Amino acid sequence: MTQSVPMAEIWRGPFLESVHSGHAVVCDEAGQITHAWGDPEAVVLPRSSSKMIQALPLIQSGAADAYNLTSEQLALACASHQGAAIHTDRVGKWLDALGLDDDAFRCGPQIPADVPARDDLIKTDQSPCRIHNNCSGKHAGFLTLTQHLKAGPDYVHPDHPVQKACLDIYETLTQVTSPGYGIDGCSAPNYATTLHGMARAMAHFAAAPTGSPEERLRSAMMAHPELVAGEGRACTNLMRAMHGKVAIKTGAEAFFVAIIPEKKMGVALKITDGATRASECAIAAILVKLGVLDPEHPETMKYLNAPITNFAGLKTGTLRAAPKLL
């Protein structure tokens, strides 16, 4: 198949009101496809779901050990966080240890998605800083690698040693020569690949042995789901529901990946219209299908067969996986 297929449906009463279509791939440790929906060779921008790949040079170079990075810092290097205090406090201490300040970041200021952090800025008449950017943990990792390599400050430039290292490992793990890149929301290049390539890379993470850079990153994500995203977010909620056995990561425009160590499998999916509600539903359905997520867990039910309510609190519809995904 080369066309996208229905993945998530919105039902209002007896009527199918909306349908979100997409592509998804599950790979085994050999990189072979075990399940596929839509076009496995669709070219995609994985956006923030590729952060664990971008964090690999941080460990492979020796920088993580040279700077004594903790598992919390490794989780933040893979994070799209809420800008809550648990995120910004840790990133701030990381910056201090590097002898740097907010101006060293190349990501832009961002209003925190965390409500208490946002309200605190409003109450104290402060503007958001770059450290509040959801990618500031990844950028702290980039800055650490930059210092370790004694490279220049413009670490998001495609020709910078940090980004060259990211592209090299990205193409190695996906086994796809990237056709190019787009600039991500945090100003770093985000390299295109195929959906199959991204699932293959996640399966590589899943099968990596104990102590390897890949295992250190996936274990950090699974150990600290609250740092990878934040309270109320699907990444955090679903990783908690799977009791630290699976690492998952969202990306902008409805991308999602999963790393399943006990099955040595990787998952990648893309909803073509960019709807996050659909990607959250689809990844939950695939994880249930693979036997690693309990369909009756309260967190699962927030995304799979989830009720849609109106402003009066009345149930008006349901978000559920499309039949082909089950």
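Return the total of residues in region 40-60 being of a type in the set (K, R) and in contact with a helix residue (DSSP H, G or I) (Cβ under 7 Å, 6 or more places away or on another chain).
Of the residues in that region, 1 qualify.
Quick one: A203 ticks every box in (1) within 16 Å of the chain's Cα centre (by Cα); (2) surrounded by fewer than 19 Cβ atoms within 10 Å (Cβ to Cβ) except a single one, so which number is it?
(2)
Could you please find all residues in region 170-189 being open to solvent by less than 30 Å² (accessible area, probe 1.4 Å) and over 22 Å from V26 (Cα atoms)?
Those that are open to solvent by less than 30 Å² (accessible area, probe 1.4 Å) and over 22 Å from V26 (Cα atoms): G180, G182, D184, C186, A188, P189.
For region 15-91, give me every one of the helices (runs of 4 or more DSSP H) that falls completely inside it and has 3 or more residues that are more than 25 Å from P109 (Cα to Cα) and either out of contact with any Lys or Arg (no Cβ under 6 Å at 6 or more places or on another chain) or open to solvent by less than 20 Å² (accessible area, probe 1.4 Å) (or both).
Because the criterion is at least 3 residues that are more than 25 Å from P109 (Cα to Cα) and either out of contact with any Lys or Arg (no Cβ under 6 Å at 6 or more places or on another chain) or open to solvent by less than 20 Å² (accessible area, probe 1.4 Å) (or both), the helices (runs of 4 or more DSSP H) in region 15-91 that meet it are 51-60, 63-66.
Please work out if A42 is in contact with a strand residue (DSSP E or B) (Cβ under 7 Å, 6 or more places away or on another chain) and of a type outside the set (S, T, N, Q).
Yes: the conditions hold for A42.
If you scan region 90-149, which residues turn out to be touching a residue at least 60 places away in the same chain (Cβ under 8 Å) and among the β-branched types (V, I, T)?
Within region 90-149, just T144 meets the criteria.
For M222, indicate whether it is under 19 Å from S80 (Cα atoms) and without any contact (Cβ under 8 Å) to a residue 40 or more places away in the chain.
yes
The values are calculated or read from the model by the stated rules, or taken from the named source; none is laboratory data. Since we're looking at a predicted model, the values are computed, not measured. Backbone-built Cβ (ideal geometry, glycine too); neighbour counts: all protein chains shown. Protein only, heavy atoms only, side chains kept; ligands, DNA and RNA dropped before computing areas. Shrake-Rupley method; radii C 1.70, N 1.55, O 1.52, S 1.80 Å.
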